Amino acid sequence: MLASPRLWMLLLAVAFLAFAFTAATLPATDPDAFWVAAAGRWMLENRAVPWENGFSFADGDKQWVMHEWLFGAPYALGLGQFGPGFFAGVAVLSAAAATAMLVIGTSEAWRFEWPGAAVALFALICFGPRLLTARPANVALSLAIAMAALSFTFDFGRRSLWVVVLLEWVWANVHGSFPLGVALIFAGAVMEREDRWRRLLACALAAAVTLGNPYGPRLHELVWEYLFGASPVQEVIREHVLEFRPLWRADAFLAARSGSVGLVGCGVMALGALLTRGFRVRGFLSLALLAEGVLRVRHLELAGFVTAVLVAPWAAHVTWRGNPLPTRPALRTAVAVVLPGLCVAAVAGAVARPKDPISPLLGGSNAARLAQSLPIDAKVWAPFASTGLVLWYAPEEVRVLYDGRNDCYSPQVAADAFALEVEPLSPEQRRALLDKYGVTYVMGDAAHPVLQAVRGARGWMDFESDGSWVVRTRASTQSPTGGP
């Protein structure tokens, strides 16, 4: 029974169906998707990519490299046309693409023994929760999985060469994790002797096309800063944003979501590959990726999915005891795995959508309505997770103190913004920081320390409220009705 490819297709289909249903029925929970859409709206209006922060009144002239720029226009158009439910559709489709790439990348190992297929199922179960939102980093996971499969394919012909080069160009324009693609192609060249020069040529061309982005080498500088923390603001980001912390410093929920069980399983398989002749390149690269995932927990799912593709042939090799098994072509297998889940997700998205399409983690529709009520000259403080929502729903002229883009701020503004929200400051200290930057509006849950700090304080007054969310303003700035 374990040797039957159909059994593993069924198990993978059930696992994907569960993730697809969940993604289709979740409210919009990712804050990044909203500021990406806001940037896309600006791009459509100005026919250019942003080079400056722009959305902040404190650091508006700081340089900004939007490494997810290719998502901007589609997200703006989709959110404007279909509302927050658009992101659920993106999550379902990107999860289907990642699952299909995982099946295709491991399908060759299915022909030899069941552990090859089991590795794919293990990775999907452990790391699949990352696929539930439309964050650009999550959508880009399918590119990483596809590149791992193509870079280590046994038959690397001319078509494979041009496909990996095109894939790398797309990757460089949708997310900053693109250097991994060049590393994967190079590792494939090191391992395979017969067509090594063709693979090396593909590696060189792939590296060259990464310069084909609107920001040129500045994009590579940004990636270097993220990877090695080579700028002062990166130190602030690593200290305060949980996903940039090492696994042992992440909170329990984040560690569990990031697949700690998957880390152990993939680590054992990668070590086994490292100790097995013919698989040492795969094992070494997998261990390096998993180490990066431990050091920065946001990369753990990326490392896990790529490792699954790399070690699946090793798992089949060490358990093979007979002749190859008959199996379907990889593409047909992938379609059979994801199609039932896509059908269920389509029905669930139509009949089981949440009452509030925006997650309460972001403030819900209450926050969106309050953002729409802000005047065009508002200088706003909002909770970190809700700033993307404000940038999309507020009038376009509204600016925020700080938002989730992180890397386009000075170290001082970033440190003060995080201190204002999460440090144990007194109400007087919080008001002093608001005064320092000239914040004219604060919005958030009424119980938030910043909202409490200005409640009843001299010079501050209530502006609007919706449910548990409140907007407060300086008395000298606006009247209670919101008029100028």
Cβ density ranking, 10 Å radius, fewest first, applied to Y437, Y409 yields Y437, Y409
With only helices counted (DSSP H, runs n ≥ 4, each -39500 (n - 2.57)), the per-residue ellipticity at 222 nm for the chain, to the nearest 500, works out to -19500 deg cm²/dmol
Rounded to the nearest Å, the spacing of the alpha-carbon centers of segment 57-83 and segment 259-318 is 34 Å
Relative contact order of the chain (C-alpha contacts under 8 Å, at least 6 apart) in percent is 21 percent
The orientation-averaged projected area of the Cα convex hull of segment 364-474, in nm², is 6.3 nm²
Taking Cα atoms only, Rg over Rh for segment 1-100 with Rh from the Kirkwood formula is 1.17
Rounded to the nearest 10, the angle in degrees between the Cα long axis of helix 85-110 and the longest principal axis of the Cα atoms of the chain comes to 20 degrees
Taking Cα pairs closer than 8 Å and at least 6 residues apart, the relative contact order of segment 364-474 in percent is 27 percent
With Cα coordinates, the longest principal axis of the chain makes an angle with the long axis of helix 69-82, in degrees rounded to 10, of 70 degrees
Per the 1/(1 + (r/R0)^6) rule, R0 = 51 Å and r from the Cβ atoms of T276 and L242, FRET efficiency to 0.05 is 0.90
Neighbour-count ranking for L205, L451, L401 (other C-beta within 10 angstrom, fewest to most) reads L205, L451, L401
Computed over segment 144-278, the distribution of all Cα-Cα distances in 5 Å bins, rounded to whole %, is 2, 9, 15, 15, 16, 17, 14, 8, 3, 0
Here, A288 and V351, labelled 7 Å along Cα→Cβ, have an inter-label distance in nm of 5.0 nm
Cβ density ranking, 10 Å radius, fewest first, applied to S177, S410 yields S410, S177
Scoring segment 136-283 by relative contact order with C-alpha pairs under 8 Å, at least six apart, yields a percentage of 18 percent
So the angle from the long Cα axis of helix 427-437 to the longest Cα principal axis of the chain, reported in degrees to the nearest 10, equals 80 degrees
The Cα radius of gyration of the chain, divided by 2.2 N^0.38 Å with N its residue count, comes to 1.04
The computed P(r) of segment 300-427 puts the percent of Cα pairs beyond 25 Å at 58 percent
The chain: antiparallel bridges as % of DSSP beta bridges, rounded to 5, reads 65 percent
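Throughout, read-outs are computed from the coordinates displayed, never taken from laboratory work. All values reported here derive from a predicted model rather than from experimental measurement. Cβ sites come from the backbone with ideal geometry, for glycine too, and all protein chains shown count toward neighbours.
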